[in-house]
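Presented below is the structure to which this report refers.
Every number here is computed from the coordinates shown, using simple stated rules; none is lab data. Since the structure is predicted, the reported quantities are computational estimates derived from the model, not experimental observations. Cβ atoms come from the backbone with ideal geometry, glycine included; neighbour counts cover every protein chain shown.
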Amino acid sequence: MADLYKKIMDELLDHNNSSPISDPITAPYDPLQDYQTQTAITHQFLRQSKRMRNRKAQLWYAYYLGEILENMPPEQRITCVKQLTPYYATVAVHAYYIFRI
């Protein structure tokens with residue numbers, strides 16, 4: 001498991017990679033937007049990166065979605081989690097806890 005974690009972290013931090021996604025992706029939402037809009041936009045970007053089979057972007061957007069979900073008030077979280085499938089909500093929070101510094 002540690003080897004898999006190290007491999008993923010090496011891929012994400014590899015700046016010599018010829019892939020245009022090797023640099024960190026900025027959050028796709030405006031922090032001044034409401035939580036429901038932030039959740040919807042980030043979920044849309046996550047699904048798009050999944051369709052395009054871009055693993056690095058999937059990890060970044062899952063991280064950002066988890067960050068949104070974990071840092072909002074509980075009453076807002078209930079509303080925003082209803083926009084997602086249980087799978088996406090769980091994966092996003094797990095990705096956030098794995099990659100937060």
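Tell me, what HN-Hα J-couplings in whole Hz come from the Karplus equation 6.51 cos²θ - 1.76 cosθ + 1.60 at θ = phi - 60° for each residue of region 72-86, using x for Gly and Pro?
9, x, x, 5, 6, 4, 4, 5, 6, 5, 5, 6, 10, 6, x
Between residue 8 and residue 71, take the C-beta separation as r, use R0 = 25 Å, and let me know the FRET efficiency to the nearest 0.05.
0.60
If I fit a long axis through the Cα atoms of helix 55-70 and take the longest principal axis of the Cα atoms of the chain, what angle between them do I get, 0 to 90°, rounded to 10?
Compared with the principal axis, the helix lies near 30 degrees.
Given Cα positions, please report Rg to Rh for region 55-101, the hydrodynamic radius being the Kirkwood one.
0.96
Please sort by residue number the trypsin sites (Lys or Arg not before Pro) in region 48-94 whose DSSP state is loop and whose Cβ has at most 12 other Cβ atoms within 10 Å.
53, 82
What is the extension gain from residue 78 to residue 94, computed as 0.36 nm multiplied by their sequence separation minus the C-alpha to C-alpha distance, in nm to one decimal?
4.0 nm
First select every other residue whose beta carbon is under 12 angstrom from the beta carbon of residue 63; then total the charges, Lys and Arg +1, Asp and Glu -1.
Surrounding charge for residue 63 is 0.
If I build a Gaussian network model for the chain, linking alpha-carbon pairs within less than 10 angstrom, which residue out of 65, 46, 32 has the largest mean-square fluctuation?
Of the options given, 32 has the highest mean-square fluctuation.
Taking H placed 1.01 Å from N in the peptide plane, check which residues at least 5 places from residue 72 or on another chain put their amide H under 5 Å from its amide H.
none
So, counting K/R as plus one and D/E as minus one, what does the shell of residues with Cβ under 10 Å around residue 89 add up to?
+2
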